[in-house]
Amino acid sequence: MTLLITWPESGHETVVRRTVDPGEIAAALAPAGVRYEQWPLRDGLPEDPDPEMVLSAYRSELDELAATEAFKTIDVVGLRPRKELGWRLTAKAERKKFLSEHTHDDDEVRFFVAGAGAFYLHVGHEVHAVLCEAGDLLGVPRGTRHWFDMGATPSYTVIRFFHEEDGWIGNFTDSDIALKFPDFDGLMAARKDA
């Protein structure tokens with residue numbers, strides 16, 4: 001279940017908004033130019049699918065979005081818990097890269113094929129935490145201050161869309177604002193109370 005919680009930028013002590021309703025989530029994020037949609041999930045994809053299999057399964061939606069938004073690159077990335085030596089170190093390094101507030105010169109558009117992750121959008125004087133799960137498409141406009149958390153044990157597969165061929169390039173703000181709010185695991189616990 002997708003969850004949106006909005007707080008003042010000062011911290012998480014006061015909840016401005018809390019909803020699991022997809023229509024309310026889309027309406028709350030739209031004034032900031034954030035795109036939120038839900039796409040139907042495809043049956044038959046394995047737990048850790050090959051990227052080409054994912055792209056093929058969602059071809060019609062991808063072609064339509066790419067044509068509408070002029071995306072140049074579409075790819076698939078993900079992390080799943082593994083038993084191999086070093087997996088936890090790799091996951092920890094990947095998580096750390098996204099945990100600090102940053103912006104991009106391109107829109108950040110992600111479709112969750114499987115698993116979950118949390119985007120934190122620092123818009124005006126508020127922070128919107130969007131806990132995304134399989135079926136959620138979130139588009140964060142270029143220049144929007146935000147961070148992303150995949151949790152202590154990441155498990156997700158996402159399709160990424162880029163206008164620029166360079167892919168993901170973060171412009172970090174050097175703010176410590178992310179420390180004022182619950183992390184992904186805290187949001188997952190809060191969702192149980194929704």
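Coordinate-derived values only; no laboratory data. Everything numeric in this text was worked out from a predicted model, so none of it was measured. Neighbour counts run over all protein chains shown; Cβ positions are idealised from the backbone, glycine included.
Things to note:
- Within the chain, longest stretch clear of exposed GluC sites (Glu not before Pro) (DSSP loop, no more than 16 other Cβ within 10 Å): 85-163
- Nonlocal Lys pairs with alpha-carbon distance under 30 Å, the chain (8 or more apart, or different chains): 14
- The range 99-168 versus the range 7-84: alpha-carbon centroid distance in Å: 8 Å
- Take every pair of alpha-carbon atoms less than 8 Å apart whose residues are at least six positions apart; their mean separation over the length of the range 3-191 yields a relative contact order of 29 percent.
- Annotation note: trypsin sites (Lys or Arg not before Pro) in the range 1-80 located in DSSP loop regions with a Cβ neighbour count of at most 16 within 10 Å are 42, 72.
- Net charge of Cβ neighbours under 10 Å - reference residue 123; Lys, Arg +1; Asp, Glu -1: -1
- Principal semi-axes in Å for the range 3-191 [√(5λ), Cα gyration tensor, largest first]: 24, 20, 17
- Phi to ³J(HN,Hα) by Karplus 6.51 cos²θ - 1.76 cosθ + 1.60 over the range 19-29, Hz, x for Gly, Pro: 8, 10, 7, x, x, 5, 4, 4, 5, 5, 8
- Furthest towards positive pole of dipole, 89, 49, 65, structure part the range 19-116, Cβ charges: 89
- With R₀ fixed at 45 Å, the C-beta to C-beta distance from residue 14 to residue 53 puts the FRET efficiency at about 0.55.
- Overall, the ratio between the Cα radius of gyration of the range 5-87 and 2.2 N^0.38 Å, rounded to two decimals, is 1.50.
- The range 91-160: trypsin sites (Lys or Arg not before Pro) in DSSP coil with no more than 15 other Cβ atoms inside 10 Å: 142
- Neighbour-count ranking [beta-carbon atoms within 10 angstrom, fewest first] of 25, 169: 169, 25
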